[in-house]
1. Which of rounded, prolate, oblate describes chain B, given a ≥ b ≥ c as roots of the alpha-carbon gyration tensor eigenvalues and a/c under 1.5 marking rounded, otherwise prolate only if a/b is larger than b/c?
2. Provide, in order from the shortest bin, the percent of all Cα-Cα pairs of the protein assembly as shown in each 5 Å bin, continuing until the bin that contains the maximum pair distance.
3. Using r as the Cβ-Cβ distance of residue B:83 and residue A:3, and R0 as 30 Å, what FRET efficiency do you calculate, to the nearest 0.05?
4. Could I have the simple spin-label model distance between residue B:69 and residue A:153, label points 7 Å from Cα toward Cβ, reported in nm to one decimal?
5. Going by C-beta contacts inside 10 Å, put A:26, A:49, B:16 in order with the fewest on the left.
6. Using only DSSP helix segments of four residues or longer, with each worth -39500 (n - 2.57), what per-residue ellipticity at 222 nm results for chain B after dividing by its residue count and rounding to 500?
7. What FRET efficiency, computed as 1/(1 + (r/R0)^6) with R0 = 30 Å and r the Cβ-Cβ distance, is obtained for residue A:171 and residue B:55, rounded to the nearest 0.05?
8. Working only with C-alpha atoms, what are the Rg and Dmax values of segment B:3-55, expressed in angstrom?
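Read the figures in this text as sums done on the coordinates, not as results from a lab. Everything numeric in this text was worked out from a predicted model, so none of it was measured. Backbone-built Cβ (ideal geometry, glycine too); neighbour counts: all protein chains shown.
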């Protein structure tokens with residue numbers, strides 16, 4: 001169960017319309033390393049994860065990713081809205097992204113999943129860094145930088161989980177190299 | 001306090017709580033972090049409850065004693081600020 005709170009995790013207030021930039025940022029919404037994939041993937045991986053630390057981490061990072069979907073959505077929304085003439089552009093824009101082809105499922109193996117999650121956080125960090133290269137507007141830069149920093153924190157937490165899970169599996173005789 | 005400033009305070013405190021929360025999941029025995037977490041959440045609760053009594057509910061189905069139903073008519077957090085008639089690069 002989730003509760004909606006009427007605020008963004010980080011403020012977004014973009015004054016200048018820029019549909020081209022929105023198009024680039026959209027990949028962080030629905031792409032294979034986007035926030036949508038991350039949220040659903042982590043929340044699904046909870047079911048086959050081991051140790052209280054790793055399960056709670058997947059639960060809570062998965063939940064934070066839901067807030068990141070809202071952040072990216074707000075950035076794209078504000079970059080594409082403005083004059084009425086943009087409405088048709090915005091519709092066209094969302095139609096292009098109707099198809100999402102990603103694997104939301106967990107591998108079922110705790111070690112494999114945590115490695116996968118760490119890699120995904122790094123890929124996403126790189127994607128945000130590439131975006132920051134082309135962003136001039138400080139209104140867009142601030143929330144994108146925030147999201148980039150979160151990838152680093154999540155990577156760190158998943159790395160700690162990997163250590164904890166590996167020790168747990170070794171102790172219970174299920175360890176691997 | 002102004003609505004926007006108060007909401008920014010809540011955003012900041014909530015973010016501190018969230019980040020400490022993630023840290024505590026993998027460091028459950030860090031008592032100092034736990035104390036900080038408790039302090040941050042308590043001050044955020046105060047801000048949130050002041051905000052909600054003054055400006056209306058923040059959370060879905062968590063506020064009681066509402067005089068009017070403003071949930072559907074209030075501005076949403078993703079809404080764009082007012083903008084001028086600048087040239088737009090298409």
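1. Oblate, since a/c reaches 1.5 and b/c is not below a/b.
2. All Cα pairs considered, the percentages come to 1, 5, 11, 14, 16, 16, 14, 11, 6, 3, 1, 1, 0, 0.
3. After rounding to 0.05, the efficiency reads 0.40.
4. It is 3.7 nm.
5. Going from least to most buried by this count: B:16, A:26, A:49.
6. Only helices count here, giving -19000 deg cm²/dmol.
7. 0.05
8. 12.4, 38
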